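Engineer: Below you will find the structure I want to go over with you.
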Amino acid sequence: MARSSSTTRAQLEKQDFEALSDFRYQLRRFLRFSEDAARQEGITAQQYLLLLHIRGFPGRDWASIGELAERLQARQHGVVALVNRCEAAGLVRRRVNPDDRRVVQVHLLAKGERCLNRLAMLHRTELESLRDTFRIARLTAFNDEGLGRQ
């Protein structure tokens with residue numbers, strides 16, 4: 001069986017595995033922080049992410065179910081259930097899009113805004129403390145231009 005050209009040009013070295021391992025460890029630590037912060041706010045991590053993706057959607061103050069599914073990397077029916085739970089908690093509201101009645105807009109309510117703002121400030125502070133942690137060490141298989149060694 002023939003090897004791919006990228007495999008024959010560069011093999012991963014011990015420090016590559018260490019860099020990948022450290023990145024995944026630090027990422028998991030941040031996600032654990034996020035989960036704990038959301039829980040202390042009285043919502044789930046998925047609910048926090050839903051609120052964040054609504055507020056952070058580029059160019060407008062709402063997002064559709066399909067767009068949220070993409071952002072959350074989840075199936076639409078799962079996002080519908082998540083929106084149902086957030087709606088029941090008074091965090092979001094659905095509206096039919098007046099320009100395309102097939103599209104359901106999901107908007108933050110005041111309670112959702114307040115909850116999101118508190119959590120976003122905590123996350124911002126945590127990310128500031130991790131500024132250098134998330135700079136991934138360059139893998140030895142790549143030079144400054146990102147091209148494989150020859």
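Engineer: Of the conditions (1) surrounded by fewer than 13 Cβ atoms within 10 Å (Cβ to Cβ); (2) more than 18 Å from residue 52 (Cβ to Cβ), residue 110 fails just one. Which one is it?
Structural biologist: (2)
Engineer: Let me ask something additional. For the subset of segment 40-81 comprising residues that are assigned to a loop (DSSP other than H, G, I, E, B) and either touching a strand residue (DSSP E or B) at 6+ places or on another chain (Cβ under 8 Å) or of a type in the set (Phe, Trp, Tyr) (or both), which member is farthest from residue 93 (Cα to Cα)?
Structural biologist: Across segment 40-81, the extreme among qualifying residues is 57.
Engineer: Now for a separate question. Out of everything in segment 46-66 that is crowded, with 16+ Cβ neighbours inside 10 Å and of a type in the set (Gly, Ala, Ser), what residue ends up being farthest from residue 117 (Cα to Cα)?
Structural biologist: Among residues in segment 46-66 that are crowded, with 16+ Cβ neighbours inside 10 Å and of a type in the set (Gly, Ala, Ser), the one farthest from residue 117 (Cα to Cα) is 64.
Engineer: Further question on the same structure: Just a yes or no: is a residue in segment 96-119 assigned to a strand (DSSP E or B), modelled with pLDDT of 95 or more and of a type in the set (D, E, K, R)?
Structural biologist: Within segment 96-119, none of the residues are assigned to a strand (DSSP E or B), modelled with pLDDT of 95 or more and of a type in the set (D, E, K, R).
Engineer: Can you tell me which residue in segment 75-106 is surrounded by the most Cβ atoms within 10 Å (Cβ to Cβ), limited to those that are over 17 Å from residue 38 (Cα atoms) and in contact (Cβ under 8 Å) with a residue 24 or more places away in the chain?
Structural biologist: 106
Engineer: Please determine whether any residue of segment 3-22 is modelled with pLDDT of 95 or more and among the charged types (D, E, K, R).
Structural biologist: no
Engineer: Could you please give the count of residues in segment 121-134 that are under 14 Å from residue 40 (Cβ atoms) and surrounded by 15 or more Cβ atoms within 10 Å (Cβ to Cβ)?
Structural biologist: 2
The values are calculated or read from the model by the stated rules, or taken from the named source; none is laboratory data. Model, not experiment: these values are computed from the prediction. Cβ sites come from the backbone with ideal geometry, for glycine too, and all protein chains shown count toward neighbours.
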